[in-house]
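The values are calculated or read from the model by the stated rules, or taken from the named source; none is laboratory data. The model shown is predicted, which means the values in this text are computed figures rather than measured ones. Here the Cβ is made from the backbone with ideal geometry for all residues, glycine too, and neighbour counts use every protein chain on show.
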Amino acid sequence: MDRVNAEAAEAKVFDLEAKEHPLRELWASRAAVLVFLRHFG
Amino acid sequence: MQLHRERFAIRDLGAELIMIGNGTPNFAKAFLEEFSITTPIYVDPSLASYRALGMRRGVAATLFSPKVLVHGFRALRSGFRQGLTRGDHFQLGGVLVVKPDDTILYRYLSETAGDHPPTSDILAALPHQPGIEAQLSPA
């Protein structure tokens, strides 16, 4: 099975408090369904 | 948002629904309030994660493809009205299901605006399918 590439896993995303997280943190403790939105609104 | 309605089913099947948008945290907060989103939500204003995962971007795919017209008509018919756009207009999205060991259980890259995967396909990809525990239990 494919794995998430390193570039994507290390990409930085921000929470609602503008705190930075590496993308891989989002699936670190349990499986995640990541919905990448086109845009807000 | 159909997937948001399935967030409890997703949790029962061993995963967490998380949204990622391409605007700023303030856009995300407004979106969260407008659509009563209760799942975690993050933003990637640089679009680095979108690019690294192969998500498409382009004027034609977001404005002029025949699929856009069909999806747009269907959405209008079901009552959706596009409000003020916040974020990159031409970035398309997708869905990824990932396990803690980085394995991708499911991937869908939207090809046009309004192109979304069937929710049933996403649910079928999740780790804890009903009946699995019964099959694995010792007799």
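Things to note:
- B:Y42 part of a helix (DSSP H, G or I), among the aromatic types (F, W, Y) and facing another protein chain (nearest Cβ under 7 Å): no
- Restricting attention to segment B:120-130, the residues that are within 18 Å of B:R5 (Cα to Cα) and at the interface with chain A (Cβ under 10 Å from one of its Cβ atoms) add up to 4.
- Every residue from segment B:11-29 that is over 19 Å from B:G114 (Cα atoms), out of contact with any helix residue (DSSP H, G or I) (no Cβ under 7 Å at 6 or more places or on another chain) and either more than 7 Å from chain A (Cβ to nearest Cβ) or touching a residue at least 60 places away in the same chain (Cβ under 8 Å) (or both): B:R11, B:D12, B:G14, B:A15, B:T24, B:N26, B:F27
- Filter result (in a strand (DSSP E or B) and loosely packed, with under 13 Cβ neighbours inside 10 Å) within segment A:4-41: A:E20
- Some residue of segment A:18-35 being over 11 Å from the mean Cα position of the chain (by Cα) and either more than 23 Å from B:H4 (Cα to Cα) or more than 7 Å from chain B (Cβ to nearest Cβ) (or both): yes
- Which numbered condition B:R81 fails, given (1) more than 7 Å from chain A (Cβ to nearest Cβ); (2) modelled with pLDDT of 95 or more: (2)
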